[in-house]
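The values are calculated or read from the model by the stated rules, or taken from the named source; none is laboratory data. All figures in this text were calculated on a predicted structure; none of them were measured in a lab. Positions of Cβ are backbone-derived with ideal geometry, glycine not excepted, and every protein chain shown enters the neighbour counts.
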Amino acid sequence: MDSIPLYLQTDRQDSAGTGPTHTPGTEALEKSKGPPLLARVNLLNLQELSKIPLKELRICLVRVESGGRQTCIASEIEQKTMPLNAINIKNSAAEVIQACKGANIKNKFRESYLLPAFSVKPILSTETPIPREKLNPPTPSIYLESKRDAFSPVLLQFCTDPKNAVTVIRGLAGSLRLNLGLFSTKSLVEANSEHAVEVRTQVQQPADENWNHLGSAQTWPCESSRSHTTIAKYAQYQASSFQESLQVEIVTMSASVGSESNSISCLTGVASNSEQKTIGKIIKFGTNIDLSDPKRWKLQLQELLKLPAFMRVSSSTNMLSHVGQTILGMNTVQLYMKVPGSRTPGHQENNNFCSVNINIGPGDCEWFAVHEHYWKAISDLCEKHTVDYLTGSWWPVLEDLYRSNIPVYRFIQRPGDLVWINAGTVHWVQAVGWCNNIAWNVGPLNAHQYQLALERFEWNEIKKVKSIVPMLHVSWNVARTVKITDPNTFKMIKHCLLQSIKHIQILRDQLVSAGKKISYQSRVKDEPAYYCNECDVEVFNLLFVTSENSSRKTYVVHCEDCAREQIPSLSGVVVLEQYRVSELMNTYDNFTLVRQTLIRTNVKV
């Protein structure tokens, strides 16, 4: 729930949006030193009159020469209003606003923030069967030998290439001399032993299997229960689990070959009977450990600054650095503490953003990944197996994927390896040994990433799932602060801004025409983006605010639809405007494509 503080009630703006107004009381009018007439005028009536559209004939003075002398003549300028459907990113903000006013739309205005003509995604044919050997493609793995290799622009280009769903960067920690020991269990306990850990209780089983609770058939739902503990307590569990395993291994090695087979079968939770599988042992997975506090985790966060800029938690070319607020686990670092069998179920990252994952060790992790092109096919399989693709917990049955013609990357992440998950890649992970991992998201400012993020933003709205990244808010922030040199990325962001202005202006005109007052209140530093309290959709600029608790004077935000569903007339609903239309127009007009120039320098040898 997004609550709004008291300051929302401060400056107000008249319904025509011309600026702040202050209506004086009766005593103030009587004491006014102005003309007597002013004291008798009802200022509210003046506000009503201000809603009447004023007609204006624009005159242009044209300089002409006549008989060797210069003179000026007055020429009328005919203002032509373009139809709204003819407006595109080449039009100025003034032309967009004028077209919106001329359209005079009475009903709800809904258009996509994406334009199909700007799509950078290739059309993939899923009808042609893929040979079985190609359903297990080799995973792109880059072996780094030096720091220079890590900072090569070729590495950035390869990782963000839309063709590459996933890239494993081997030896990254060694080439950059990363001190991964700072993220070891011992160091974590010493740094902050009482730090909170979310625990997922799961059933241990082989990575390529997922059996139901009876052990009678493989299934997609991946059940786990949630609890909480501390780093110190989970560290104790992690260590005792390792010691227990060592003892089992010693017993196994000293036993006969037949006993050895039985012990391994018991350890993995798989019986020899192929028709009925024994349920594996219960394990605990320590997940979502927040390392965002720069004071408590100063050494750890400083160490990550050794990474190339495009992999860092924060950088100027990372869209998530322009959100203006903290999104835990996305633009902050999260830690995962694992024992063998710990599972991160299948998913795409929030809003399809890229992700970075480093294995601290000492054990390995096994990964499965599928290109973004196949996400809808996997979503359909989830629906078939009665589990929600976006919000549910699922572990794909590999044979189901192969039968559906879906290729799967499968690889091992060793200690010191960095896994780059490209935009939209579907993936799921299981720990092979005892290990810790650190991870976060990044949003490279390229057309592929931006398109997929906006696609998921709109799909989430359809499925009534909250978009963790407020894409409208981010798009406007990027337009204000970043110089875009890629034409495709520029076109997509510009079109999103265009659609945003259209939605805002048309809604604004409808509210004013209905006599609804709009109060201006500018955003303050570090103020978060707002979401509807009912449906979780992002609410940008025009906020529909109601009182949550009049005694405590707290307020909640709604989108227009949910506000009208509760109060059709919007009486008692305060409409707040966080940006003046002129501000958005200036940002829109000033957001232009920056041409790259080659700078030549003379180098002396």
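Observations on the model:
- Residue that is surrounded by the most Cβ atoms within 10 Å (Cβ to Cβ) [pool: residues in segment 92-140 that are in contact with a Pro (Cβ under 9 Å, 6 or more places away or on another chain) and assigned to a loop (DSSP other than H, G, I, E, B)]: Val120
- Candidates Asn179, Asn192, filtered to the one that is under 21 Å from Trp420 (Cα atoms) and not aromatic (Phe, Trp, Tyr): Asn179
- Residues located in segment 306-318, provided they are aliphatic (A, V, I, L, M) and out of contact with any Ser or Thr (no Cβ under 9 Å at 6 or more places or on another chain): Leu307, Met311
- Of all the listed residues (Ile468, Ile462), the sole one being closer than 29 Å to Gln302 by Cα and not acidic (Asp, Glu) is Ile468.
- Inclusion of Arg170 among residues that are within 30 Å of Val397 (Cα to Cα), in contact with a Phe, Trp or Tyr (Cβ under 8 Å, 6 or more places away or on another chain) and not assigned by TED's automatic domain parsing to the domain that holds His448 is not warranted.
- Of the strands (runs of 3 or more DSSP E) lying entirely inside segment 381-499, not one is found with 2 or more residues being at pLDDT 95 or above, in contact with a His (Cβ under 6 Å, 6 or more places away or on another chain) and crowded, with 21+ Cβ neighbours inside 10 Å.
For every residue, the table says whether it meets (1) touching a strand residue (DSSP E or B) at 6+ places or on another chain (Cβ under 9 Å); (2) in contact (Cβ under 8 Å) with a residue 60 or more places away in the chain.
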residue	(1), (2)
Ala165	yes, yes
Lys186	no, no
Ala191	no, yes
Val199	yes, yes
Gln204	yes, yes
Ala207	yes, yes
Thr219	yes, yes
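- Segment 563-594, subset touching a strand residue (DSSP E or B) at 6+ places or on another chain (Cβ under 8 Å) and assigned to a helix (DSSP H, G or I), residue surrounded by the most Cβ atoms within 10 Å (Cβ to Cβ): Ala563
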